[in-house]
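Q: Attaching a single structure in C-alpha cells format; questions to follow.
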C-alpha cells in the first residue's frame, strides 16, 4: 500500500504537472493515463492477493461485534474486494475525462464517506447498546403495576430501533451526496425533504401520545386487577372479566384511531376509508346478527353479575364450572372433564349454585327389610358427625332437614336430606351418596 500511495502521490501530483509544463499537455495526458493504468493494475493485484487474509480479519471482527454490526461486517467481508476494485476502476475512468480534478474529487469523497460511516456507526452502536439495556422499576411500582416495566421496555426498544434505522437512512443519503449522486441538502431545505421531516415529526408525536395514553390506561386497569395492594382484596370475578374486556376494547379503539390519524398525516384521504368502514360495518351487522346477539347478551349477563369465572352453573342440560368468559361465549367444564363452549345467545335460562343460598338434596336408598328407624338414626348420626367438621359447619345455614319415607320403589324406601348452604361445591361431595 505504501508503494501504491507513493505512485499516486509522486506520479499524479509531481510527474504529470512537470511533463505537461516542460513538454506539452498531450504528453502529460498520456503520462497521466499510463500512471493511472499502472495504479489500477497494481491496486487490483494487491486487492486479490490479500483477499483471503482481509476477509478472515473481517469475519473475526464480526464475531466480536454486536449483532447489528456483525450482520453488516459479514456482508462487507463477502463483497469488499469487488467494491475496492470498482473504486479504482472508477478512479481510472474519471482520470481519463477529468485528469486535473478526478483525484481531488475521489479523495474528498472518500474522506467524507469514511467520516459519515464512522459517525453513523458510532451513533448506531450507542442505540444498539441502549436497546440491550432495560428499565428496572422499583419493587413497589412493579407490585402496583405488574406489566408497566415490560411495556416501557417494549416501547423504548421499538423507538431506539426506529431511530437506528433512520440513522442508517440518513447515512446512506449523505454518502450519495458525498459522491455527487444526490443533493441531500437541497432536498432537505427546498425539496420534499422538508415536508417529509415535518410529517415524520408529527407521526412521531402521534405515536408517542398514543403509547403514553395506552400505557397509562392499561396500567390503571392492571393496578385495579392486581390483588393485595394497600390491603385491597382481589377483585371479584365479574370485575376482572369486565376490566379485561374493557382493556381489550380500549386497545382496539386506540389502535384504530392512531392508524387513521397516521394515514391522514401521510396524505391518505381517510374519508373513503371511513365511508367504506361504515358500509362494511352495515353489511357485517346484517350478516352476523347472531354474533351481535351473543355480544349484547353477554354484556347484559356480565352487568347483572349472572355468572363469573369459577362459578358452578347449569346451562340447559350441562352442569359444570365456568372456566372462561369472553365477549361472545362462555366455557364450561363438566365433572367428566368435557369442555363446552356455549354462545351467549343460546342461553335463555341458567342456574348458578354459588349465588346467595343454595340447597343440596340428597336421597338415600334403604332396603325394605331394614329397620327404618335404625336407618334414619344412622343417617342422623352421620350428618351430625359431618356437622362437627369445622370446614363443613361453616358452610351450612341452619340445620339439615329430614324427609322420612319420601318415596318407595321395588327395593325399599328413600330417605331425603335437605341442606341449605352458602356454597355448593364443598357441600355436594359431603352429603351426596
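Q: Identify all residues within the stretch 155-182 that are surrounded by 14 or more Cβ atoms within 10 Å (Cβ to Cβ) and more than 22 Å from residue 122 (Cα to Cα); write none if there are none.
A: Answer for the stretch 155-182, where residues must be surrounded by 14 or more Cβ atoms within 10 Å (Cβ to Cβ) and more than 22 Å from residue 122 (Cα to Cα): 155, 182.
Q: Residues to consider are 306, 298, 310; find the one that is touching a residue at least 24 places away in the same chain (Cβ under 8 Å) and on the phi > 0 side of the Ramachandran plot.
A: Details: 306 fails: on the phi > 0 side of the Ramachandran plot; 298 fails: on the phi > 0 side of the Ramachandran plot.
Exactly one residue qualifies, and that residue is 310.
Q: If you check 148, 114, 96, 156, which single one turns out to be in contact (Cβ under 8 Å) with a residue 60 or more places away in the chain and outside the structural domain of residue 32 (by TED's automatic domain parsing)?
A: Testing whether each residue is in contact (Cβ under 8 Å) with a residue 60 or more places away in the chain and outside the structural domain of residue 32 (by TED's automatic domain parsing) leaves just 148.
The values are calculated or read from the model by the stated rules, or taken from the named source; none is laboratory data. Treat the numbers as computed from the prediction; the structure is a model and nothing was measured. A quick note on method: Cβ atoms are made from the backbone with ideal geometry, for glycine too, and the neighbour counts reach across all protein chains shown.
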